[in-house]
Each structure stands twice: as structure tokens, then as C-alpha cells.
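Below you'll find the structure, written out as C-alpha cells, and then a few comments.
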Amino acid sequence: MSASRLFFSKAPVEPFVSSRLARWIVAIIIVTAVANAGIAGIYVHQQHNIHRIKTIADTIHHGRIDLAKGFLHLSQDGGHGSPFDRSKGLALINQSISSLERSIGDLGLGDAARWENFDKSLRSFRSRLAEASKSGADTQTQQVSMRLAFNELEEQVVLLDNFAQAHYNKVSSEVFREFFIVLCMAALLLAITSFVIIHTSRTIKVYDVALEEGQLLAGDVINSITANIAVLDRNGDIIAVNEAWMQFARENDCPERDAYVGTNYLKVCEEAHRRDGDELAAQVMQSSQSVLEGTETTFSIEYPCHSPNKERWFYMRAARLRGKGTGVVITHADITGRKRAEEEIKAINVFLDRVIDMAPFAMWISDKKGTVIRVNRSLCESINLTEDNIVGKYNVFNDVNLKNQGIMTTVQRAFEEHETVRFGVFWKAAEAGHDDLRGGHDMHIDVSMFPILDSKGELLYVVCQWVDITELKHAEQALKKSAHQYRLLAQNTSDWIFFFDKDFNITYSSPSVENLTGYTAEEFIGNRDKFLEIVHPDDRPMVEEHRQHDSLCLDKTEIEYRIFHKDGSVRWIGHICKSVFDENGQYVGRQGANRDISARKQVEESLRRSEEHYRLIADNTADTITLLDMNLKRTYVSPSIFRLRGYTVAETMSHSLAEAL
């Protein structure tokens with residue numbers, strides 16, 4: 001994906017304006033208005049109560065007056081022309097009693113025992129008045145009876161009137177007191193509100209300054225991030241970018257319309273896909289849309305973005321905004337360094353894999369628990385198993401071979417103490433600890449193990465490499481057998497078998513040396529001078545020259561010399577030796593044998609003397625004597641041939657037998 005299709009630059013961001021103080025003021029005004037409305041409501045309610053009680057008191061007072069008027073009409077003679085009317089008096093009294101009953105109910109006094117009696121008195125007075133008006137008693141008797149009832153009722157009405165007035169005064173006092181308390185609370189609320197407004201304004205100012213500084217710091221932090229960052233709203237429009245985004249856009253000649261705030265990121269991707277067939281742009285568009293819709297929380301992808309001058313790789317990540325807001329944060333981080341490091345690591349791993357596979361030694365690598373995770377070709381070929389038979393199945397701690405041969409503690413040192421260890425073991429596939437290994441070859445192996453640690457010294461892996469030494473073991477066994485046979489031969493032969501090191505110290509001498517020299521083998525071993533001490537003085541220079549000049553000779557060398565036996569007698573020695581070299585071609589010494597040839601020397605001396613005797617006879621006889629070998633070639637002609645043939649001995653020896661005849 002090209003840089004101009006996805007990377008955008010930065011546009012100015014609108015300055016931040018705080019509205020918290022205005023919201024606080026509106027809230028306080030609302031609270032104050034609600035409080036004042038409550039005070040007004042309480043005042044209206046209490047005024048209504050006062051008016052109601054005042055009305056009840058006035059009703060009681062007027063009822064009392066009407067009761068007196070009615071009684072006055074009843075108590076006076078109502079003749080023709082009189083202002084008093086009996087029926088009017090009865091109506092006034094009934095009206096007064098009804099108003100008094102309503103007042104008791106309005107005052108809420110119906111449940112009190114005292115006012116129940118008053119109510120009963122009203123009903124009794126009404127009954128007695130009716131009876132008096134209907135009875136046939138004389139007027140004097142009716143007036144006395146009505147006077148008594150009126151006096152009784154008058155007393156109750158006075159009490160009711162007084163109670164109503166007292167109740168009115170009490171309610172008025174309580175209303176004043178409650179209204180005063182409410183006014184005090186309103187004043188306190190006003191003071192608290194003023195304090196809160198002042199304190200809040202100061203706090204909000206400090207908060208706004210801190211918020212502005214925090215936003216500036218957050219902006220600086222975001223702009224300090226090397227990754228390219230853009231924020232999309234719910235529609236996919238870019239609403240904010242950081243400095244890295246802008247810088248990348250400038251460096252890659254990105255058009256301003258594709259880079260700044262207000263551009264729709266999804267549409268840019270869609271256009272890139274439509275115009276250039278960029279499948280990566282289509283994938284980014286679809287995945288970013290999924291994150292915006294909430295079907296996915298994040299989306300990430302690694303992609304190349306090469307310029308004409310260099311290769312580059314980027315890591316893109318889209319994450320849904322957390323909190324109440326909806327949108328997506330897009331980041332593009334340059335991972336070119338990491339990609340190059342990964343490529344280098346891959347190359348190193350390929351190289352190491354090739355080194356491991358091409359190594360002539362069998363090798364496996366295990367995890368820190370001892371389970372094999374990697375094998376090389378040499379190992380599979382040597383034990384005749386596949387990689388699938390070994391990897392994940394062979395565990396060194398389950399190998400019965402190591403347990404039975406007492407090597408497991410050595411193996412544990414490599415895993416637990418992080419030591420490099422080496423040991424030899426006869427490995428049997430059937431006892432390796434897994435059924436898939438049973439088909440492998442049994443062999444003697446020389447094993448080396450070494451740990452691989454991390455930077456903290458913690459164990460990561462253990463590398464094991466081993467060499468098949470089965471043939472070497474067989475050779476060692478054969479060598480031991482041969483050495484045993486050689487030792488038996490050396491110990492039972494009459495020849496003196498020996499070995500010199502490079503400093504001419506005898507390191508081995510067969511027991512037969514005592515028969516030959518009279519000295520024991522222990523007297524020669526470690527004593528470099530003993531060998532020359534027994535050599536005859538006349539032959540010692542020859543022996544020393546042989547030791548110095550023939551020590552590096554690859555072929556066998558033979559000399560004969562005389563030695564002194566421990567008993568003082570002289571013995572002839574037939575000496576044969578050969579230089580010995582180690583596997584590196586370094587000279588390490590000479591091995592050889594000394595044989596007693598004294599008897600042969602005596603025979604040779606006798607033959608020499610006999611030959612001289614018979615040659616003297618042949619040289620001085622008159623007859624010609626000729627000796628021929630099996631090929632009829634002359635080996636001897638006597639000097640008398642000159643007298644017989646006229647040829648010297650030399651001339652005769654050069655002639656063939658046919659020429660002589």
C-alpha cells in the first residue's frame with residue numbers, strides 16, 4: 001500500500017473552552033429558585049390556614065350572636081305589632097346550632113371527648129327547643145325551661161369561641177415562627193450558595209487551568225510518539241492526528257486533502273481499492289468499519305510500504321475508543337528495524353539449521369525438561385530412525401540406559417547445575433523410554449552435553465552431540481585382547497622386548513631381560529643410562545649413533561653389538577627397533593627387541609676360521625678349483641687358473657661357462 005493512500009497529516013485543533021462554571025451557576029440558580037418557590041408555597045399554605053381558622057372563629061362568633069337573637073325572639077311575647085317573632089327565633093337558633101356544628105367539624109374537634117359533649121349539648125338544646133315549642137305548657141314554664149337550656153349552651157359556645165380565638169392566635173404564632181425559620185434557612189442557603197459559587201468558580205478556574213495543561217501535555221505526549229496516529233469519528237472521518245502523521249505525509253508528498261482533519265479515512269481506502277485494485281486497502285477499510293460498528297474491538301496488520309529509495313514495513317492497528325465516545329484510533333508504526341532483524345534471525349536460523357544438519361556428529365536439542373525438540377540428519381541416520389520417531393517422544397530423563405549405567409546424575413548436572421558434561425554409554429534403543437525408539441540401532445556412543453542459557457542465566461535448552469564409537473570399542477576390545485596376547489608372548493619369549501620414550505627412558509621391559517643381561521626389568525625401567533652401561537665400550541659409539549640418528553627412521557633398523565652380562569661374561573645382542581608415532585604424527589618413542597646371538601656369533605666365527613683354512617689350501621694347490629652356484633655361475637676360482645689357462649681369477653670370473661669350455 002502506498003503512503004499517499006493511508007497516511008494523513010495534521011490539521012489545527014479548535015481551542016478548548018470550558019463550560020463547567022456556566023453549568024454550575026445555572027444549577028445554583030435552579031436550586032435557589034426551587035428553594036424560594038418552596039418558601040412561597042409554605043407562606044401561601046400557612047396564610048390559607050390562618051384565613052380558614054379566622055373564618056371559623058368569625059362563624060362561631062356570629063353563631064353566638066344569632067343564638068342570642070333567636071333566644072330573644074323566643075323569650076318575648078310575639079303579639080300583634082310586636083318586633084319579636086317566635087318562628088324567626090327558632091330559625092335563628094337552628095341556623096346558629098348548624099353553624100356551630102360545622103365549626104366543630106372544621107376545627108377537627110370531633111374526636112375530643114369535651115367537644116363531643118358540646119355537640120351532644122347542641123343536639124339536646126335543639127330537641128328541648130322543639131319539644132318546648134310543641135308542648136302545651138304555659139308561656140312562663142317554656143321560658144324558664146328554655147332559659148336553662150340557653151344558659152347551658154351559652155357557656156359551651158363561649159368556651160368554643162375562646163378556643164377558636166386561642167387556636168387562631170396559636171396558628172398565627174406558628175406561622176410566623178415557621179416563616180422566620182424558613183427565611184433564616186433561605187438566608188443560610190443564599191450564603192452557602194454564594195460561598196459555593198465563589199469556591200466553585202475558583203476551583204473550576206484551577207481545574208480549567210490544570211485541564212488545559214493536561215490537554216497540552218497529552219498533546220505533547222501524543223505528538224512525541226513516533227508512531228503515526230489518527231482518530232476517526234463514528235463515520236470514519238479524521239478528527240485528530242499527531243505530528244508524526246503530518247511529518248510522514250509531508251515526506252511522502254501526500255496531498256493535503258488526503259491527510260488533514262475532515263477527510264473520510266474509509267473513503268480514501270475505498271478509492272485506493274477502486275482505482276488501483278489495492279486489496280490491502282480493501283482489507284483495512286472493511287476491518288476498520290467492523291471496529292467502528294463494534295463487531296470487532298481491534299484490528300492489526302503488518303504490510304510493506306516501500307519507497308523508491310528504501311524498503312519499509314509498517315504495523316497498523318485500529319482500536320475502538322473506550323468510554324462513552326464512539327470512534328477508532330488508527331496507528332501506523334514503522335517496524336522496518338524489527339523486520340530486518342527478523343530476516344537476519346531467519347537467515348541465522350537457516351544457517352544454524354544447515355550447520356546442525358550437515359554436522360558429522362549426531363546431535364539433538366532438548367527443552368529444559370529434557371524432551372527433544374530438534375534432531376539433525378546424522379542422528380537419524382546413525383540410529384536408523386526418523387525425526388518423527390524422536391522429536392517430542394525421547395526424554396533424556398526417561399532413558400533407562402542412563403539410569404542402569406549410573407550416568408543419570410551426570411546428565412542432571414547439565415540441566416540443574418548448567419555444566420558441560422561428557423560420558424560414554426552403551427545405548428540400547430529398546431531401553432530408550434519410548435516405543436517409537438525400539439527400532440533404532442544399539443551402539444556405543446561418546447556423549448557431550450552443554451546447556452544454553454538466557455541473559456539471566458536461566459536454562460533454555462540443552463544441546464547433546466555424540467559420536468558412534470562402536471567400531472572404536474570393538475577395536476579397543478580387540479586391542480586389549482591383542483595386548484593381552486602380546487604381553488603373554490613378551491613375558492614368555494626369550495627375546496628382550498622393550499619400549500623407549502622420546503627421551504630414551506625405558507618404559508617397558510619384558511621379564512626375559514633378566515635371562516639375557518642378568519638384570520631385572522625393574523632395574524631398566526625409568527633408568528635411561530642403564531641400557532648404555534651394559535654395552536661393550538668398543539660398541540658403545542655405534543649404539544649411541546644408532547639411537548640419535550635412527551630414532552626418526554620409519555623403517556625397522558637392525559644392529560649387532562656386545563654387552564656385559566651381570567656375571568661379567570660378554571654376550572652378543574641382535575638389536576631390532578622401529579620408531580613409534582601418535583595419531584598426530586608426533587614421535588613418541590621406539591619399540592624393539594634384543595636377542596642373544598652369542599651362539600650364532602660363535603658358529604660364524606668357527607665358519608670364518610674354517611673358511612680361511614680351506615681358502616688357504618685352495619689358493620696354494622696346483623689344481624684348479626672352481627665353485628658354481630645353482631645357476632652355474634662361478635662363485636670361486638683358485639689362483640692356479642692362471643697357470644692353466646693364462647687368465648687371471650678376475651678375467652675367469654667374468655667369462656661364461658661356455659666360453660671357458
With θ set to phi - 60° and the Karplus curve 6.51 cos²θ - 1.76 cosθ + 1.60, what are the ³J(HN,Hα) couplings of the stretch 380-388 in order, to the nearest whole Hz, using x for Gly and Pro? 4, 5, 5, 9, 6, 10, 8, 4, 5
Check residue 519: other-chain or 5+ apart residues with amide H under 5 Å from its amide H, H built from backbone geometry? 566
Say each of residue 426 and residue 315 gets a label point 7 Å from the Cα, pointing the same way as Cα to Cβ; how far apart are those two points in nm? 5.6
Tell me, what HN-Hα J-couplings in whole Hz come from the Karplus equation 6.51 cos²θ - 1.76 cosθ + 1.60 at θ = phi - 60° for each residue of the stretch 531-543, using x for Gly and Pro? 4, 6, 5, 8, 6, 4, x, 6, 9, 5, x, 5, 5
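Would you please report the Å³ per residue occupied by the convex hull of the alpha carbon atoms in the stretch 296-372? Can you show the working numbers first?
Values: hull volume 13.3 nm³, N = 77.
Here the figure is 172 Å³ per residue.
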Once fully extended, how much extra length lies between residue 387 and residue 545, figured as 0.36 nm per residue of separation less the alpha-carbon to alpha-carbon distance? 50.6 nm
Projected label distance in nm at residue 503 and residue 267, using a 7 Å step from Cα toward the beta-carbon: 9.8
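So for the stretch 351-408, what percent of the C-alpha to C-alpha distances run longer than 14 Å? Working shown, then result.
On the way: 950 of 1653 pairs.
Cα-Cα pairs in the stretch 351-408 separated by more than 14 Å: 57 percent.
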Mind listing the long-range amide H neighbours of residue 312? Cut-off is under 5 Å, sequence gap 5 or more, other chains count too, H placed in the peptide plane at 1.01 Å from N. 305, 306, 307
For residue 239 paired with residue 216, estimate the spin-label separation in nm (one decimal), with each label point 7 Å from Cα along the Cα-to-Cβ line. 2.4
Taking H as built 1.01 Å from N, whose amide H comes closer than 5 Å to the amide H of residue 278, not counting residues under 5 places away? 273
Measure of size requested: the Rg and Dmax of the stretch 370-457, with Cα atoms as the atom set and Å as the unit; please supply both. 13.1, 40
Ranked by how many other beta carbons lie within 10 Å on average, peptides 559-566, 570-577 from highest: 570-577, 559-566
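Pairs to check: 480/502; 368/428; 346/369; 556/633; 310/368. Give those whose C-alpha atoms are more than 30 Å from each other in this structure. Numbers along the way, then the final one.
Numbers: 480/502 24 Å; 368/428 24 Å; 346/369 26 Å; 556/633 33 Å; 310/368 42 Å.
Correct reply: 556/633; 310/368.
Accessible area of the stretch 267-415 with a 1.4 Å probe: how many percent of it is carbon plus sulfur? Working shown, then result.
Values: 4250 of 8490 Å².
Answer for the stretch 267-415 is 50 percent, counting heavy atoms of protein chains only.
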What's the extension gain from residue 435 to residue 603 if we count 0.36 nm per residue and subtract their Cα-Cα distance? 53.0 nm
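The values are calculated or read from the model by the stated rules, or taken from the named source; none is laboratory data. Here the structure is a predicted model, which is why all the values come from computation and not from measurement. FYI the Cβ positions are ideal-geometry reconstructions off the backbone, even for glycines, and counts take in every protein chain you see. Just so you know, the surface numbers come from the protein's heavy atoms only, side chains and all, with ligands and any DNA or RNA stripped out. Shrake-Rupley method; radii C 1.70, N 1.55, O 1.52, S 1.80 Å.
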